[in-house]
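Chemist: Please find one structure pasted underneath; my questions will follow.
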Amino acid sequence: MIPVVSKLPQTGTNIFTTMSALAAELGAINLSQGFPDYPCSPKLIELVNNAMKNGHNQYAPMAGIMPLREQIAIKTEKLYGTIYNPETEITITAGATQAIFTAITAVIHPNDEVIIFEPAYDCYAPAIRLMGGVVKSLELEAPDYRIEWDMVKRLINNKTKMIILNSPHNPTATILHQEDIDELSSLVKQQDILILSDEVYEHLIYDGETHHSMARYPELQQRSFIVASFGKTFHNTGWKIGYCMAPAYLMQEFRKIHQFLVFCVNAPMQYAIAEYLKDENNYLSLSGFFEEKRDDFRAGIEQTRFKLLPCSGSYFQSVTYDDISQETDSEFAIRLTKEAGVASIPLSSFYSKGTDKHVLRFCFAKKQETLDRAVDKLIKV
Ligand code: PMP
Ligand code: GLN
């Protein structure tokens, strides 16, 4: 064997892969990894078939096909009031994961500091570290997981290059509020700090709340990479297609990396999604659809000994289990999969220090029947 110095020595297989594999091995109901167990729209599949039959089977343009970029620009202007130039400010990516990696790679240099909020989605920190950047993480406190902006202020210094935000938030299901936007705006105002805003759950927001996209606020929009995922929006996580929007000066750097990372993303799906986006109901109906699932699932969990945490957005519901066990969340999640037959994600895996507050995350993007069966099993715990 040739000696290799690992670039990510602490990293193993991620928790989503681990828990989904365990669920499959044991035949447990998989409420761990975030993906739907029902099919995506047949119309969308027909549109992909048509695109293939119509010969769209060669490389797409590097930044994505123009009709799709145009539809994204139209949707963004309609929802958030900002005009992105599809020519220079929107790029189609292989899911949000690639958009996040590309944005970080484009702007983070060795010793640049990046602020992230934990629990944090798992792909931010490794990308920062691979670029030689320094992760500055701030832990949020249950049950509200609100950002303490005074604490953020204390972390900022002349090495701070970026703040990564994620609203609606995975895994805590919280959202940014207007006060957060005001605090953030005043904090970054006189500073050269970029924002990477992970908005993959932009359409999954409940109780009539507003999604505070960075695209709504000119002073924040001008310093932001915004990333989105069609996998989340159109129930087809396996297609791995998403996009990034950023002002031209940032997008120029983003594309320099994008062209060598993937060059371009599969063409037929792009044609299909461009067509599908023309009907705004295809994305505006999502919050109603998932709010119903959230409410049913929460009503089910209320019959168990698990305690619900708030859920304002995303398709995740977190719970505490202190009345049931004092095991670590990882031990308990594994035992729950083995003995109760329901797989979840332990929240400690979203913290760099493995902070364990005895919280598990369930994904409710599942058929009613799946959720009912899961609740029946959880009631017995
Ligand atoms: N960000 C968050 C918060 C996520 O939950 C996910 C998982 N879908 C991603 C990014 C990655 O999205 P994609 O599957 O489009 O790469
Ligand atoms: N976003 C999904 C989740 O949070 C998982 C995606 C993945 O497996 N990387 O569960």
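The values are calculated or read from the model by the stated rules, or taken from the named source; none is laboratory data. Computed from a predicted model, the values in this text were never measured in an experiment. Here Cβ is always computed from backbone atoms with ideal geometry, including for glycine, and neighbour counts include all displayed protein chains. Side chains included, ligands, DNA and RNA excluded: accessible areas come from the protein's heavy atoms. Shrake-Rupley method; radii C 1.70, N 1.55, O 1.52, S 1.80 Å.
Chemist: Can you find, within region 6-21, the residue that is nearest to ligand 1 (Cβ to nearest atom) among those that are open to solvent by less than 70 Å² (accessible area, probe 1.4 Å) and either free of Cβ contacts under 8 Å to residues at least 24 places away in the same chain or closer than 15 Å to Tyr121 by Cα (or both)?
Modeler: Top of the filtered list is Phe16.
Chemist: List pairs: first in region 233-246 and part of a loop (DSSP other than H, G, I, E, B), second open to solvent by less than 10 Å² (accessible area, probe 1.4 Å) and within 13 Å of ligand 2 (Cβ to nearest atom), Cβ under 9 Å, 6+ apart or cross-chain?
Modeler: That search, which allows pairs on different chains as well, returns His235/Ala365; Lys240/Gly95; Lys240/Gly231; Ile241/Gly95; Ile241/Gly231.
Chemist: Is it true that Ile74 is more than 16 Å from ligand 1 (Cβ to nearest atom), more than 21 Å from the chain's Cα centre (by Cα), open to solvent by 60 Å² or more (accessible area, probe 1.4 Å) and hydrophobic (A, V, I, L, M, F, W, C)?
Modeler: The answer is yes for Ile74.
Chemist: Looking at region 258-290, which of its residues are open to solvent by less than 50 Å² (accessible area, probe 1.4 Å), of a type outside the set (S, T, N, Q) and in a helix (DSSP H, G or I)?
Modeler: His258, Ala267, Pro268, Met269, Ala272, Ile273, Ala274, Tyr276, Tyr283, Leu286, Gly288, Phe290
Chemist: Give the residue, chosen from Ser314, Ser330, Ser349, that is in contact (Cβ under 8 Å) with a residue 60 or more places away in the chain, open to solvent by 10 Å² or more (accessible area, probe 1.4 Å) and small (Gly, Ala, Ser).
Modeler: Every option except Ser349 fails the conditions.
Chemist: Only one of Glu209, Glu179, Glu202 is at pLDDT 95 or above, in a loop (DSSP other than H, G, I, E, B) and open to solvent by 50 Å² or more (accessible area, probe 1.4 Å); which?
Modeler: Glu209
Chemist: What about Ala365, is it touching a residue at least 40 places away in the same chain (Cβ under 8 Å), part of a helix (DSSP H, G or I), among the small types (Gly, Ala, Ser) and at negative phi?
Modeler: Answer is no for this residue.
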